[in-house]
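The values are calculated or read from the model by the stated rules, or taken from the named source; none is laboratory data. Just so it is clear, the model here is predicted, and its values are computed rather than measured. Using ideal geometry, Cβ is built from the backbone for each residue, glycine included, and neighbour counts are taken over all protein chains shown. The accessibility values were calculated without ligands, DNA or RNA, using every heavy atom of the protein model including side chains. Shrake-Rupley method; radii C 1.70, N 1.55, O 1.52, S 1.80 Å.
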Amino acid sequence: MRVAAVWFPDWPVQAARLEADDQLEEPLAIGAQHRIKVVSHRARALGVHRGMKVRHAQSVCPELTVVDDNPDRDGRMFTALAAGFDDVAASVEVLRPGLVIVDAAAAGSFHGSEEKATEMLIDAAARRGIDAFAGVADEIATALIAARSSAIVPAGTSADFLARQPLNVLLAETSLGADTETVKALGQLGVATLGELAQLPSTAVSTRFGNAGMACHRIARAAPDRRVAPELPAADLSVAVTPEDPIDRVDSAAFAARALAASLHERLAEAGQNCLRLKVKAELSDGTVVERTWRTREALTEEATADRVRWQLDGWLTSGGAGTITSLILEPLELAQPDPVGQLWGTGGGSNNSNNGEARRVAERVQSALGIDAVLQPRFVGGRGVAERIALIPFGERDPESADGKDPAGASWPGAIPPPLPARIGGGVDHPASRIVMIDDAARPVGVTAEALLSTTPYALSWGGNHYLVTGWAGPWPVDEGWWGENPQKVARLQVVGTREEGGSPLAWLLLWTKQTWRVEAMYS
């Protein structure tokens, strides 16, 4: 067996750039939950790395462009890109958006050589601003590692190639399935390369690290792997739908994906099985049948299945020339027994997906008993300040949209607080504890004039019985909102940095001037 892996580094960044027609300015990063999730090569060279707080990354690299994380965008853009591989190889398997594996032996035989087939795979992925690397080896895991250095590992030499790889390469790709804590423990014991790991006795690894250790050991030894997109014997649990009207719009595709995913997982639950590899097949109005195989390291949930089906249908519908979809089939190709479910919010015997699924079921039960507003979740929305950028919406509902259907969180808001945003929001400007007093060096109160200027130079402030010396400030920024309605709001915001009189680390606040008083709107940390 020979496997080719095509890897698109930092795919979420590339997907965002592709969606914007390569108009996003470098350096570029993807942010999720106030932290950097993915960075471009240029941003990495300027000191930005994964896991950094967004405000820290923007202080390190002020010109950094941060785009919100959007898994739907990543999957949608990749399905359209992966369609080009079908012209090169018959057996194509998507491991995740940004990574595919191909049966290199079959493709090489058809096109004359592995090298030519690999070049054709790279050419098929060629887009403006898109980078792709390919690696070829005897095993899937080895090919995934080889893709990071664009290496073609000769047949029978996988063990020699892996022996030179550092141990941490196991954590570079999530599709390898290596346990983070196990790899860290091996490193602490002095194992530095995969070659050193392969030399350890299997019994010792199994005794000390269990199944997680043996999974890493098999990768290091280049143990025989499964084939690409094999036809495994499995019970027929496929589901199909033939809509009354052909599917020709993305919103119709999303509805069909959700309904069909629910039907599939109902059948899987009755059979006591999980799906690890799924084939999405569609028949088009011109009689053409298109299909794509998706594989995940962990069992697919109903939501994950619907996402992948929606991405794939979106890619087929927007690729041009595909016509309408007249029928849709979901076929589970690889099944597995479900893991025991652990504690609801803990790290019990079940996987994270199991815990998340149980948490979702509990939340839905609470909503069914107490009403949909009984369980809320925070979501980013548009706004100039801090508090109004967060909206609490019922659990499971879609994010709020503006009247024109656009995402308000991504819209431009003139006068918005510049990043980095505060990390802590208090009880609101009307809370008694939010009141603050600020004076100048002559003990005169500092306020905001009608011209939106500070009445005097800040020197000190008092908040909750504590006193601070002002060391810096920015603003004020006037905001005149709602003047057209019954409750107009004319306020001003000010960023202030101060230290305690007795010294210590500086603190920073976002203050709001309203009703002739200062209020703490949020704090920086």
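Filter segment 84-107 for residues that are among the small types (G, A, S) and in contact with a Lys or Arg (Cβ under 7 Å, 6 or more places away or on another chain) and give the result. Outline the logic, then answer.
Step one: list which residues in segment 84-107 are among the small types (G, A, S), which gives 84, 89-91, 98, 104-107.
Those that are among the small types (G, A, S) and in contact with a Lys or Arg (Cβ under 7 Å, 6 or more places away or on another chain): A104, A105.
Looking across segment 503-515 at every residue that is farther than 21 Å from R384 by Cβ and not small (G, A, S), the one that is surrounded by the fewest Cβ atoms within 10 Å (Cβ to Cβ) is identified as P506. If you go through segment 244-275 and keep only what is at pLDDT below 80 and farther than 18 Å from G323 by Cα, you end up with nothing.
Do you know which residues across segment 29-51 are of a type in the set (A, V, I, L, M, F, W, C) and within 15 Å of the chain's Cα centre (by Cα)?
Restricting attention to segment 29-51, the residues satisfying the condition of being of a type in the set (A, V, I, L, M, F, W, C) are 29-30, 32, 36, 38-39, 43, 45-46, 48.
Scanning segment 29-51 gives A29, I30, A32, I36, V38, V39.
Can you pull out every residue in segment 167-196 that is under 27 Å from G98 (Cβ atoms) and among the β-branched types (V, I, T)? Once the filter is applied, which keeps residues that are under 27 Å from G98 (Cβ atoms) and among the β-branched types (V, I, T), segment 167-196 yields V169, T174, T180, T182, V183, T193.
Of the residues examined, R267 is not one that is within 30 Å of T182 (Cβ to Cβ) and either among the charged types (D, E, K, R) or touching a Ser or Thr at 6+ places or on another chain (Cβ under 6 Å) (or both). Cβ-Cβ contacts under 8 Å between residues 6 or more apart (or on different chains), taken from a first residue in segment 70-96 that is over 21 Å from A117 (Cα atoms) to a second residue that is assigned to a loop (DSSP other than H, G, I, E, B) and at pLDDT 80 or above, are listed as P71/P97; D74/P97; D74/G98; G75/P97; M77/P97.
For segment 444-465, which positions are of a type in the set (A, V, I, L, M, F, W, C) and open to solvent by 70 Å² or more (accessible area, probe 1.4 Å)? Within segment 444-465, A450, L453 meet the criteria.
The condition (being more than 26 Å from T174 (Cβ to Cβ), surrounded by 19 or more Cβ atoms within 10 Å (Cβ to Cβ) and at pLDDT 80 or above) is satisfied by just one residue among L376, L300, L328, L333: L328.
Inspect segment 252-261 for any residue being closer than 30 Å to D160 by Cα, of a type outside the set (K, R) and open to solvent by less than 70 Å² (accessible area, probe 1.4 Å) and give the result as yes or no. Steps first, please.
Applying the first criterion (closer than 30 Å to D160 by Cα) to segment 252-261 yields none.
Within segment 252-261 (the criterion being closer than 30 Å to D160 by Cα, of a type outside the set (K, R) and open to solvent by less than 70 Å² (accessible area, probe 1.4 Å)), the answer is no, since none of the residues qualifies.
Inside segment 35-69, residues that are open to solvent by 60 Å² or more (accessible area, probe 1.4 Å) and either closer than 28 Å to A126 by Cβ or not in a helix (DSSP H, G or I) (or both) make up a count of 13. Here D72, D103, D131, D87 are screened, and the one residue that is of a type outside the set (S, T, Y) and crowded, with 20+ Cβ neighbours inside 10 Å is D103.
Selection of segment 156-179 for residues being open to solvent by less than 60 Å² (accessible area, probe 1.4 Å) and among the β-branched types (V, I, T) yields T157, V169.
One residue alone among A20, A32 is out of contact with any Cys (no Cβ under 7 Å at 6 or more places or on another chain), open to solvent by 30 Å² or more (accessible area, probe 1.4 Å), modelled with pLDDT of 85 or more and among the hydrophobic types (A, V, I, L, M, F, W, C), and that residue is A32. Consider segment 430-443 and keep the residues that are modelled with pLDDT under 85 and open to solvent by 40 Å² or more (accessible area, probe 1.4 Å). The one that is nearest to Q489 (Cα to Cα) is D430.
Taking the listed residues I152, I101, the one that is closer than 30 Å to V309 by Cα and either of a type in the set (A, V, I, L, M) or touching a residue at least 60 places away in the same chain (Cβ under 8 Å) (or both) is I101, with no other qualifying. Taking the conditions (1) part of a helix (DSSP H, G or I); (2) open to solvent by 10 Å² or more (accessible area, probe 1.4 Å) in turn, V205 satisfies each one other than (2). Name every residue in segment 447-477 that is in contact (Cβ under 8 Å) with a residue 24 or more places away in the chain and outside any strand (DSSP E or B), in order of residue number. Hits for segment 447-477 are G447, A452, P458, G464. For segment 90-100, the tally of residues that are surrounded by fewer than 20 Cβ atoms within 10 Å (Cβ to Cβ) and in a loop (DSSP other than H, G, I, E, B) stands at 2. Restricting attention to segment 134-151, the residues that are more than 29 Å from the chain's Cα centre (by Cα) and open to solvent by less than 10 Å² (accessible area, probe 1.4 Å) add up to 0. Evaluate the following for E291: is it closer than 29 Å to A141 by Cβ and surrounded by fewer than 18 Cβ atoms within 10 Å (Cβ to Cβ)? Answer is yes for this residue. Looking only at residues of segment 106-124 that are surrounded by fewer than 22 Cβ atoms within 10 Å (Cβ to Cβ) and in contact (Cβ under 8 Å) with a residue 60 or more places away in the chain, we find that the one that is farthest from A172 (Cα to Cα) is G108.
Screening S252, S238 for residues that are farther than 30 Å from T193 by Cβ and either in contact (Cβ under 8 Å) with a residue 12 or more places away in the chain or β-branched (V, I, T) (or both) leaves exactly one candidate, S238.
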